[in-house]
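Contents: one structure, followed by commentary.
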There are 2 protein chains.
Amino acid sequence: MRMVIIGGDAAGMSAASRFKRKAPDSEVIVLEQTQDVSYSACGMPYNIAVPDRDINDLVVRSAQIFRDKMDIDLRLGHRVTAIDPHSNNVSGESERGTFELDFDKLLIATGASPIVPDIPGIDLPGIMPLKNLEHGREIKQYLARNAVNRAVIIGMGYIALEMAEALRERGIEVAMVKPRPQLLPWMAPALSEMVKNELQAHDVQLHAGETIESVSVSGSDMEVVTSSTILSADFVLCAVGVKPNSELAAQAGLDLGPHQAIAVDRTMRTSHPDIYAAGDCADAFHVVSKERTWIPLALRANRAGWAVADHLLGREVDIPGVAGTAVFKVFGLEVATTGLNEQEAVAHGFEPRSVNIESINQAHSFQGRTEPIKVHLIGDARSGRLLGAQMVGRQGTALRINAAAVALSAEMSVDAFVQCDLAYAPPFGPVWDPLLTAANQLLKKL
Amino acid sequence: MRMVIIGGDAAGMSAASRFKRKAPDSEVIVLEQTQDVSYSACGMPYNIAVPDRDINDLVVRSAQIFRDKMDIDLRLGHRVTAIDPHSNNVSGESERGTFELDFDKLLIATGASPIVPDIPGIDLPGIMPLKNLEHGREIKQYLARNAVNRAVIIGMGYIALEMAEALRERGIEVAMVKPRPQLLPWMAPALSEMVKNELQAHDVQLHAGETIESVSVSGSDMEVVTSSTILSADFVLCAVGVKPNSELAAQAGLDLGPHQAIAVDRTMRTSHPDIYAAGDCADAFHVVSKERTWIPLALRANRAGWAVADHLLGREVDIPGVAGTAVFKVFGLEVATTGLNEQEAVAHGFEPRSVNIESINQAHSFQGRTEPIKVHLIGDARSGRLLGAQMVGRQGTALRINAAAVALSAEMSVDAFVQCDLAYAPPFGPVWDPLLTAANQLLKKL
């Protein structure tokens with residue numbers, strides 16, 4: 001059997017490795033348009049923060065290892081330009097010219113691309129996105145070769161926030177700008193306020209609610225012109241979000257789902273029986289809403305890649321989907337979320353009730369120093385089910401979210417969740433975990 | 001209605017506060033034999049570690065607040081000596097002589113006591129247990145008033161280990177001794193080995209597998225004589241475990257459960273319709289085995305106290321029980337467990353399979369420094385269910401156990417657990433949480 005995979009990052013290489021290991025006689029061809037495979041995209045901000053750390057340190061497994069040790073036919077610099085769903089064939093181009101390949105089974109693992117906002121001057125040099133390793137390399141080189149003292153970040157999502165921290169660590173002044181007024185619109189305001197304060201405590205200038213009118217070059221400076229001010233910069237990061245790379249799939253007539261991601265079933269199969277999709281280009285079912293969603297995250301990409309391999313191997317595959325669990329660090333804060341927020345809950349027909357509580361990260365009896373943890377917890381008044389959780393705090397916050405993530409997968413009621421036997425010892429929290437305290441309060445509203 | 005509560009710590013005061021708040025016209029009388037109520041027993045080792053920290057810092061809420069603000073009739077120094085289950089009456093003694101009290105409803109919240117091993121000399125001064133705040137006070141005074149350079153700890157449970165750390169922080173040499181050869185017999189050897197190494201790295205002398213023959217005084221020294229050696233000490237901590245204070249209940253003819261703990265149903269009621277029991281003196285159902293168990297822990301005590309109040313208030317109460325989740329810190333290590341271990345799983349009729357894996361606490365891409373986390377995960381070959389988890393590692397280990405604890409409450413299969421959408425970002429772990437990596441491996445054995 002010949003398996004062709006378009007895209008050599010998390011989903012593509014997970015699928016390739018697992019399939020080839022279990023079916024060594026099969027032919028596995030991976031077509032990757034860049035020169036990079038299998039790297040930690042999420043680690044880029046932490047690498048960029050440290051000037052003398054090699055960006056190639058982010059490569060988890062080299063192309064050579066996939067080729068030599070795993071016998072995968074990995075072709076770098078190969079860009080697929082068309083999928084023919086009738087003759088099971090892909091075509092494209094590489095340095096050597098055009099190519100064509102038949103497949104028995106195809107996996108589309110083309111990932112996502114940074115959204116480029118429609119702003120005059122956005123394509124000037126010195127304005128860069130950050131999604132793939134080549135972007136990371138370009139940013140790192142740019143910072144090494146230019147005297148960058150002031151940066152503007154367009155966007156305030158979690159990559160933007162992680163990059164704000166990375167640039168501040170390099171001593172660069174950072175201003176962030178975006179058109180919508182709320183910092184993290186999916187987050188309860190009581191919690192996003194903590195993030196805002198943390199950014200300001202680290203001298204990050206926030207310009208939320210300002211339309212970006214243009215970017216221009218003035219002498220050796222760049223200028224980001226907003227509806228309220230002009231921000232001078234030596235470097236501009238454009239981090240307004242990503243979109244799924246689903247053009248090839250769309251052209252081949254495959255069904256698309258939310259955000260134009262490639263629609264897949266619980267076996268990762270697209271609307272074509274021989275074509276799979278996995279990773280940031282594909283959609284997923286949401287374990288809470290049971291509906292299609294598009295939440296590009298690394299664990300899902302790896303899991304989906306494995307699922308493709310398993311399904312091709314004839315195993316039973318039934319991936320329930322994602323809860324949308326995400327955590328990130330911004331300076332000294334840990335931010336975590338899982339499940340639906342209130343707006344999403346309403347949109348999916350739930351009757352959400354929510355609470356905001358403040359708890360602590362360690363018992364007072366431990367060392368007498370405690371840090372606040374804020375929790376926003378959401379339940380459904382109709383069914384009593386837990387719908388989502390958000391947390392912000394310092395050390396000892398992020399990992400707590402996993403308890404709620406498992407509860408969502410188990411479709412637990414808030415009533416059942418509050419009875420869970422979570423861990424307690426003074427170094428790790430109060431007797432009632434902050435999530436349980438929130439659940440106790442939420443129960444009164446359900 | 002008159003509610004009488006024997007014991008004024010976690011379970012007793014939780015029940016008293018909640019009941020009195022919701023039923024302000026009722027009479028709530030708490031009989032506490034010591035002078036302390038509502039304190040953080042778990043915080044004692046951390047307080048003892050710091051000479052100039054006031055031990056009364058551990059008091060969460062003073063007797064005066066319960067009396068004045070909450071209108072609870074709290075009687076300190078009142079020791080109950082008998083319960084008459086036929087006339088609904090308790091009797092006892094206080095400084096002022098004997099007393100008798102009728103009750104409509106009674107809660108026994110008498111806690112647990114340290115086990116005193118049968119060793120000649122164990123009652124010498126300078127040999128102390130640690131369970132209640134008075135013990136903590138005595139230890140702290142003893143350490144303040146005597147030149148303590150060498151301590152021997154009899155026992156190696158988690159209180160013994162926490163106290164080893166506390167005493168080392170005060171610069172005291174520590175030797176630990178116990179008769180059984182394995183450090184933490186409930187733990188997989190691959191994991192307890194890490195704990196052993198950590199103790200030795202902090203110069204704690206371990207004498208496991210040595211019978212303790214006697215304790216004696218020789219001049220100004222104490223001597224702990226074991227089957228292999230003689231350990232000199234200025235202070236001896238006796239921490240061989242605790243037993244439920246169920247004598248009153250037994251004398252009153254109430255049913256007892258495992259370890260002679262007072263048997264209660266899912267509403268915390270004993271075998272007598274007007275008598276409840278909660279906290280360390282009472283048993284619980286185990287969410288995995290569904291059978292009675294005795295695992296004295298603070299969260300359960302609080303929750304059980306609330307449940308008693310709720311049941312008296314006529315609310316529906318159905319406490320599913322405990323998973324046995326426990327975490328503790330020993331020097332730089334975090335140790336966590338939930339559910340059954342393999343021996344327990346066999347004893348409860350499961351067919352356990354287990355794996356040991358080693359993962360990391362942060363992604364390499366974060367700061368290039370990672371610390372190992374070892375996971376021992378247990379599943380049932382017959383049903384596919386997750387049965388238990390154990391973890392040891394440095395920062396970022398303990399809180400992960402909550403994901404497994406929730407999965408146990410939800411009676412999840414390993415297959416379902418492996419699909420849970422746990423958090424990932426480089427500062428907090430690898431893409432696959434260590435528990436998921438273990439679950440992936442465990443699936444192959446089920």
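Below, the figures for the structure above:
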{"item": "Options A:GLN367, A:VAL431, A:HIS348, ranked by Cα towards positive dipole end of the range A:294-432, top entry (Cβ charges)", "result": "A:GLN367"}
{"item": "Fluctuation leader among B:LYS290, B:LYS20, B:LYS69 - chain B, Gaussian network, Cα springs under 10 angstrom", "result": "B:LYS69"}
{"item": "Residues in the range B:320-349 that, when all protein chains are in place, have 50 Å² or more less accessible area than the chain alone would give (probe 1.4 Å)", "result": "B:VAL327"}
{"item": "Tensor-based shape of chain B (alpha-carbon gyration tensor, a/c under 1.5 rounded, otherwise prolate or oblate)", "result": "oblate"}
{"item": "Across the identical copies, how the B:SER220 labels are spaced - nm, sorted shortest first, 7 Å along Cα→Cβ", "result": "7.3"}
{"item": "The range B:1-27 versus the range B:408-445: alpha-carbon centroid distance in Å", "result": "41"}
{"item": "For the range A:143-278, fraction of C-alpha pairs farther apart than 19 Å, in %", "result": "60"}
{"item": "Binned Cα-Cα distances of the range B:326-443, short to long, each 10 Å bin given as a whole percent", "result": "15, 48, 29, 7, 1"}
{"item": "Among beta bridges that DSSP assigns inside the range B:116-238, antiparallel share in %, nearest 5", "result": "40"}
{"item": "Label point 7 Å beyond Cα along the C-beta direction, distances from B:GLU100 to other copies (nm, shortest first)", "result": "10.5"}
{"item": "DSSP beta bridge pairing in the protein assembly as shown, given as percent antiparallel to the nearest 5", "result": "65"}
{"item": "Full-stretch length increase - A:ILE230, A:SER26 - with 0.36 nm per residue and alpha-carbon distance subtracted", "result": "67.6 nm"}
{"item": "Distant-in-sequence amide H partners of B:ALA323 (H built 1.01 Å from N, under 5 Å)", "result": "A:ASP421, B:VAL287"}
{"item": "Antiparallel bridge percentage (DSSP; both residues within chain B; nearest 5)", "result": "65"}
{"item": "Inter-part distance where the range A:302-350 and the range B:249-276 are each reduced to a Cα centre, Å", "result": "45"}
{"item": "Extension gain (nm, one decimal) between B:ASP123 and B:THR34, 0.36 nm per residue minus Cα-Cα", "result": "30.0 nm"}
{"item": "For peptides A:140-152, A:332-344, sequence by mean Cβ density within 10 Å, most packed first", "result": "A:332-344, A:140-152"}
{"item": "Those residues of the range B:100-114 whose amide nitrogen sits under 18 Å from the label point placed on B:GLU138, 7 Å along Cα→Cβ", "result": "B:111-114"}
{"item": "Residue-averaged beta-carbon neighbours from other chains (10 angstrom radius) around A:407-416", "result": "4"}
{"item": "C-alpha center-to-center spacing [the range A:179-222, the range B:95-172] in angstrom", "result": "55"}
{"item": "Inter-chain Cβ neighbour average for residues A:389-402, partner chain, 10 Å", "result": "4"}
{"item": "Electrostatic dipole magnitude of chain B [Cβ: Lys, Arg +1; Asp, Glu -1; Cα centre; debye, to 20]", "result": "940"}
{"item": "Residues of chain B: accessible area per residue with a 1.4 Å probe, Å²", "result": "38"}
{"item": "Peptide A:431-437, shielding by other chains (average Cβ, 10 Å cutoff)", "result": "4"}
{"item": "Simple Cβ-charge dipole of the protein assembly as shown, Lys/Arg +1 and Asp/Glu -1, about Cα centre, in debye nearest 20", "result": "180"}
{"item": "Under-5 Å amide H pairs with A:ILE373, H placed in peptide plane, nonlocal only", "result": "A:SER359, A:ILE360, A:ASN361"}
{"item": "At least 50 Å² accessible surface lost relative to isolated chain, residues of the range B:32-54 (1.4 Å probe)", "result": "B:TYR46, B:ARG53"}
{"item": "Computed helical MRE - 222 nm, chain B, DSSP H runs ≥ 4 contributing -39500 (n - 2.57), nearest 500", "result": "-7000 deg cm²/dmol"}
{"item": "Cα-centred dipole magnitude for the range B:257-399, charges only on beta-carbon of K, R (+1) and D, E (-1), debye, nearest 20", "result": "300"}
{"item": "Cα lying deepest toward the dipole's positive end in the range B:46-117, options B:ILE48, B:HIS78, B:ILE65, charges on Cβ", "result": "B:ILE48"}
{"item": "D (Stokes-Einstein, µm²/s), Kirkwood Cα radius, the range A:225-339, 1.306 mPa s at 10 °C", "result": "99"}
{"item": "FRET efficiency, 1/(1 + (r/R0)^6) with R0 35 Å, evaluated for B:ASN197 and A:ASP203 via beta carbons", "result": "0.25"}
{"item": "Buried accessible area, chains A and B (both chains, 1.4 Å probe, Å² to nearest 100)", "result": "5200"}
{"item": "Sum of side-chain charges, A:LEU436 neighbourhood, beta-carbon under 11 Å (Lys, Arg +1; Asp, Glu -1)", "result": "0"}
{"item": "Accessible surface of the protein assembly as shown [probe 1.4 Å, protein heavy atoms]: carbon and sulfur percent", "result": "46"}
{"item": "Exam field: A:GLU134 pseudo-label spacings to other copies (7 Å along Cα-Cβ), nanometres", "result": "7.6"}
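The values are calculated or read from the model by the stated rules, or taken from the named source; none is laboratory data. Please read all numbers here as calculations on a predicted model, not as lab measurements. Reconstructed Cβ throughout: ideal geometry from the backbone, glycine too, with neighbour counts over all protein chains shown. When the accessible area is computed, the model is the full protein with side chains, heavy atoms only, and any ligands, DNA or RNA have been set aside. Shrake-Rupley method; radii C 1.70, N 1.55, O 1.52, S 1.80 Å.
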